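Nothing in this text is a laboratory measurement; each read-out follows from the coordinates by a stated rule. Everything numeric in this text was worked out from a predicted model, so none of it was measured. Please note: Cβ atoms are built from the backbone with ideal geometry, for glycine as well, and neighbour counts cover all protein chains shown.
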Amino acid sequence: MFTYGKFGIAALAALGGAEAFLTSTPTLSSSKGARAAASRQQLRMAQLPLQQVTGQSSMATDVLDRYMSLDTGDQVQAEYVWLDAEQRARSKCRTLSKERAAGPAEKYPKWTYDGSSTEQAPGDDSEVIIVPRAKYRDPFRGGDHVIILCDTYDPEGNPLPTNTRAAAAERFEKDESAKPWYGLEQEYTLFNLDGVTPLGWPVGGFPGAQGPYYCGAGADRSYGRAVSEAHYRASLYAGLQISGTNAEVMPGQWEYQIGPAVGIEAADQLTISRYLLNRVCEDLGVIANIQPKPIKGPWNGAGMHINFSTEDTRKEGGLDVIKAMCEELGKKHDEHIAAYGEGNADRLTGDCETADINTFSYGIADRGCSIRIPRDTAAEGMGYLEDRRPASNVDPYVATSLIFETTSKATAKK
């Protein structure tokens, strides 16, 4: 468990919790004895585990396991997950019979929640309806328990303005024959509970330069592997098409890949994978940050590269279709950038394996381009493209459907 040790009060100051701590120390006497007592108390506080310093209680998981192993008979817990106004996952749980829970998501009952508490409805008309869309096994409860992905509607049945899934599903349904495949590379940065110190970084300082951390091993270069491994296993258990994971270039930064998955399923699975990541981090006492540039300066940002192909790009002559798609993507560069996540300008600078945000480019095996055409694709004359512009916090429904919409013009010109 992370402790502050020798960093002492400087560590607390970096946390922003030092002020409250210092004002709680004895100050009534200026005597040497009182000052010594205060120093001892400061030292004890500085050595506390991070969870205690930040007000997070440390819970005994072995005690929780006693209850989680209890049999629930013919009842199932169904965790309903939806996205709030900031596209962050919210959830609540309900009990269903095993018989009812055995069916597909479409057979699950609709539910409601207080939209005024998620900035999606006014207080005087706060009920938001959640409609089940996809079903996954629950890796936290095990057994027959499930996670249900939902989207959000007003009482008249209209999608909320924040429900981007509805429009994406409609777009994919218009041209199912194209069979769009997606591989989504979700990068994230692990932070201590102070919210400002990446995992493995010295409090108030910086680690060694980038280089040894990418796909690295060892306590001096790999920080947070437990999160990556736990999330990987939880995703497999849930039934997600997670295809891999690796440590990234910046220390404390990781990536996992969802896909290949078809159409709306890719964004659905990415959404649930983010939820699982946050739940794993909740259990392990760290924060998963998906901001595109969490640390300023010469440190790699975080993206969500989107690998994309259609039936036309995966067959003979596909490379020509891919190049035509790149031309269409270039025409809509500004529109795509606007949809590819907040704070992306801090990441897309032309440095740290990114293209400049103001310039569109594509090339073979070039990670400094907006769109990379893999070398294998170029050699085989068919395959996929990689859009490297989306930020790690991008809305997957908006991004995947927009790529499909824009590139469909290239297919139509064939």
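For Lys296, the aspartates and glutamates whose Cα comes closer than 20 Å to its Cα, not counting residues fewer than 8 places off in the same chain, are Glu187, Asp194, Glu248, Glu255, Glu342, Asp346, Asp351, Glu353, Asp356. The ranking of Ile373, Ile129 by Cβ neighbour count inside 10 Å, starting from the fewest, reads Ile129, Ile373. Do the alpha carbons of any pairs in Lys179/Lys323; Lys315/Lys409; Lys107/Lys315; Lys174/Lys293 sit beyond 26 Å of each other, and which pairs? Among Lys179/Lys323; Lys315/Lys409; Lys107/Lys315; Lys174/Lys293, the Cα-Cα distance tops 26 Å for Lys107/Lys315; Lys174/Lys293. Note on Tyr275, Tyr67: ascending count of other Cβ atoms within 10 Å places them as Tyr67, Tyr275, the fewest first. Restricting segment 278-339 to trypsin sites (Lys or Arg not before Pro) that sit in a DSSP loop and have at most 13 other Cβ atoms within 10 Å of their own Cβ leaves Lys296, Lys315. Here the Karplus curve 6.51 cos²θ - 1.76 cosθ + 1.60, taken at θ = phi - 60°, turns the phi angles of segment 164-178 into couplings of 7, 5, 4, 5, 5, 4, 4, 5, 5, 5, 5, 9, 5, 5, 5 Hz, with x standing for Gly and Pro.
If the chain linking Tyr237 and Asp376 were pulled fully straight, counting 0.36 nm for each residue of separation and taking away their Cα-Cα distance, it would gain 46.9 nm.
Using a 10 Å cut-off around each Cβ, can you sort Asp125, Asp268 from fewest to most neighbouring Cβ atoms? So the ranking, lowest neighbour count to highest, is Asp125, Asp268. In this rough spin-label picture, where each label sits 7 Å from Cα along the Cβ direction, the Lys179-Asn158 distance is 3.9 nm.
Spin-label pair Asp366-Lys331: with each label point 7 Å from Cα along the Cα-Cβ axis, the two points sit 2.1 nm from one another. Computing FRET efficiency as 1/(1 + (r/R0)^6) for Glu316 and Asp125, where r is the C-beta to C-beta distance and R0 is 51 Å, gives about 0.35. Modelled spin labels at Arg88 and Asp65, positioned 7 Å past Cα toward Cβ, are 3.1 nm from each other.
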